[in-house]
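The values are calculated or read from the model by the stated rules, or taken from the named source; none is laboratory data. Keep in mind that this is a model prediction, so the values were computed, not measured. Heads up, the Cβs are rebuilt from the backbone with ideal geometry, glycines too, and the neighbour counts pull from every protein chain shown.
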Protein chains: 2
Amino acid sequence: MAQYNRMNVLQIIRMEGPINKAEIAKRANLSIPTVMKITDEILEKKVVHVVGKGESNGGKRPELLSITDSIYYIVGIDIGRSRTSVLIMDLKGTVISRRTMKTGRTNPAEKLMERVLELTENVVLDGGISRENLLGIGVVTPGLIDLEEGRVLYSPDFGWENVDILSPVKEKFKLPVLLDNSNKAIAMGEKWFGIARDSSYFVCVNIGHGIGSAIMENGELYRGNSGSSGEIGHITLEPNGSLCECGNKGCLEALASGKAIAREGRRAVQEGASALILEKAGYDLDAIDAKEVFAAAEEGDVAARQIIKKAETYIGIGLASYINLLDPDMLVLAGGLTNAGREFIDQIKKVAKERQMKFAGRKVKIRVAELGEQAAAIGAASMILKRFIENGDEILKMR
Amino acid sequence: MAQYNRMNVLQIIRMEGPINKAEIAKRANLSIPTVMKITDEILEKKVVHVVGKGESNGGKRPELLSITDSIYYIVGIDIGRSRTSVLIMDLKGTVISRRTMKTGRTNPAEKLMERVLELTENVVLDGGISRENLLGIGVVTPGLIDLEEGRVLYSPDFGWENVDILSPVKEKFKLPVLLDNSNKAIAMGEKWFGIARDSSYFVCVNIGHGIGSAIMENGELYRGNSGSSGEIGHITLEPNGSLCECGNKGCLEALASGKAIAREGRRAVQEGASALILEKAGYDLDAIDAKEVFAAAEEGDVAARQIIKKAETYIGIGLASYINLLDPDMLVLAGGLTNAGREFIDQIKKVAKERQMKFAGRKVKIRVAELGEQAAAIGAASMILKRFIENGDEILKMR
């Protein structure tokens, strides 16, 4: 609770600062002594600073607080399936510098990590930030993570089992590092700096090449008993449906993800049901991705339209399952498919509304994520930020 | 956390008592001063008492504590669709007296409540418990409950919308009362006195006439943002499947509940696919319930066997969805269908295992509830017990 209050106070200062303590107490629904205890702590850590005095309300003029944006910076590394993105942000979430590269071959992992570290070094140079101003480095990637050991336990996309990608980062930069799953990072980013700032229980569903999600409860990730919560991509929605990469049939990911849309697009072309999808891909069957199917659908291609409609239906049903089971206050949609246009999102929302039980989840809001492509990297950095807010001494000592 | 520790200490005394404080501290993984603070509190409330002294470990002989089972009693009322059950239990969860009746007509609610109160009065008389020894009355029923107002917001089975069933109980007995949903009560009962005692995050799925569930996190029910969490009966598992009473198609409840099994049994008879199901129902089509379908399946009836197999498959898929999304430490199966025999449960477990994602939910245990038919009424009483443990003064003052 204390940590939650601290995060809350910090968010208010970040969003509303310069702001005085009485006002913070009012917004956070906390007592003034509680707020003073928190602000003393974060003032000492230089996370916030006094920027001047506000108008008097009869007594002394109150001190105004703002987030310090020029002392501490954090690195976020998002190793995605197709792209790797590295950024530096300040404590306000402002991105100072950022670079991306094609992820390319993921094996051997050491080779990939060499390229990631080079990219990171350049981002630090771009930002002109010296090492003593860096609080730490958050690294995120898809797959099942062993948080304590900092290892990737299983990543089918990357062909990794039990791989240590964190040690090279630690050795090179000698800074506090954290490894986590990218869906979890996106949720964290949206909680700290995005659409879910005011949410107390939300689910962030990442619809892209694959489909995953993360559950966030009072600012904390809900991880589950063996760290595998949120696997919405693998709930069965068609018992005898398409084969999924996980080995099961009819998983949401096999029915409605970016790769499922691409697969069905290629099949439509092969079966002669669509010429337009192939045209959109420059007449190269292998180049057909979800984007080409969306483009063909937009121009009225019937086969493409059916593929998209199927994806909308199953994603909507998946969201409704979350609403029926968890009744969250918000569902955040993130990932590449959210760029497919408003109609796609609206149809998903419509199906979710139809499929949620009457009277259930009466207050849930479905929203698109705000941080876009940078969400996972910002989330990775936010994980260090969160740790710093909770236990700044530990982070400062580790550097 | 303090409340959680208190519940934990109480559970240890209940299960292991007579027991000394040092031993409690060891089992609960708490410091001895923390345990002493808690035991002082619950000793003062007479929830536990000193039964003697244990053997010396070199120093003074330590006091041994036990739950007090003869001072406080609690009434639990479970108003079910077909049966209403009322019981009195002591703080150890021992049922002192119990009566059941057919619920019969649920409208007008006042008439039903008159019969429920009469039954309750008789259970109190049976038990020979005087009013001053009663801590309160917990009432549970299916449907969506407004906890704060103590009203049933919506109960399709009962034909209730916004009905107050709590005031008559309060007026008659002048005791603290609580109203809640019966699925939530079953989970509460299994946490306090059943199979889920040691679980920190579990889901209790009630498979009976309908299908519902409740999620319990660290001894607290997770209710959701509008109080409607756990509606697993209404997740869509077949987009164009059978029509559900909720208005949607292909809900788990419409595919695999007791009423779905009965409906498909009647259909099989009407279509001439099974004579045995009709025979089991005494040649009365309307008398076909799930029980008759199970009985016919057991004797090898092909149509009945198919109906049961379909139910097993969809219930297994529903459980796997919970495992993939929430990764709980335990899934507890409760409700009438758990009496259908071991083979039915084993098949459900098998499907759940197949349908959960590889590497996900690695540690989840699927177990059948321990409290059987009494679960909801014991759970109803446990809700008062929990309130008493958390805030005994309030409960004692309200009487």
Enumeration of residues in region B:328-356 that are part of a helix (DSSP H, G or I), within 11 Å of chain A (Cβ to nearest Cβ) and of a type outside the set (D, E, K, R):
B:Val351, B:Ala352
Those residues of region A:243-290 that are assigned to a loop (DSSP other than H, G, I, E, B), within 14 Å of another protein chain (Cβ to nearest Cβ) and without any contact (Cβ under 8 Å) to a residue 24 or more places away in the chain come to a total of 4
Of all residues in region A:85-101 being over 24 Å from A:Pro142 (Cα atoms) and hydrophobic (A, V, I, L, M, F, W, C), the one that is modelled with the highest pLDDT
A:Ile96
If you go through region A:351-399 one residue at a time, how many are of a type outside the set (A, V, I, L, M) and closer than 15 Å to A:Ala334 by Cβ?
8
Determine whether region B:357-370 contains at least one residue that is touching a residue at least 40 places away in the same chain (Cβ under 8 Å), surrounded by 19 or more Cβ atoms within 10 Å (Cβ to Cβ), away from every other protein chain (no Cβ under 14 Å) and part of a helix (DSSP H, G or I).
no
Those residues of region A:291-327 which are at the interface with chain B (Cβ under 9 Å from one of its Cβ atoms), aromatic (Phe, Trp, Tyr) and more than 20 Å from A:Met216 (Cα to Cα) amount to A:Tyr314
Counted residues in region A:192-242 being more than 9 Å from chain B (Cβ to nearest Cβ), charged (D, E, K, R) and in a loop (DSSP other than H, G, I, E, B) come to 2
If you check B:Leu134 against the conditions, is it touching a residue at least 24 places away in the same chain (Cβ under 8 Å), within 18 Å of B:Arg387 (Cα to Cα) and assigned by TED's automatic domain parsing to the domain that holds B:Asn391?
yes
Any idea how many residues of region B:18-27 are crowded, with 19+ Cβ neighbours inside 10 Å and within 20 Å of B:Ala196 (Cα to Cα)?
1
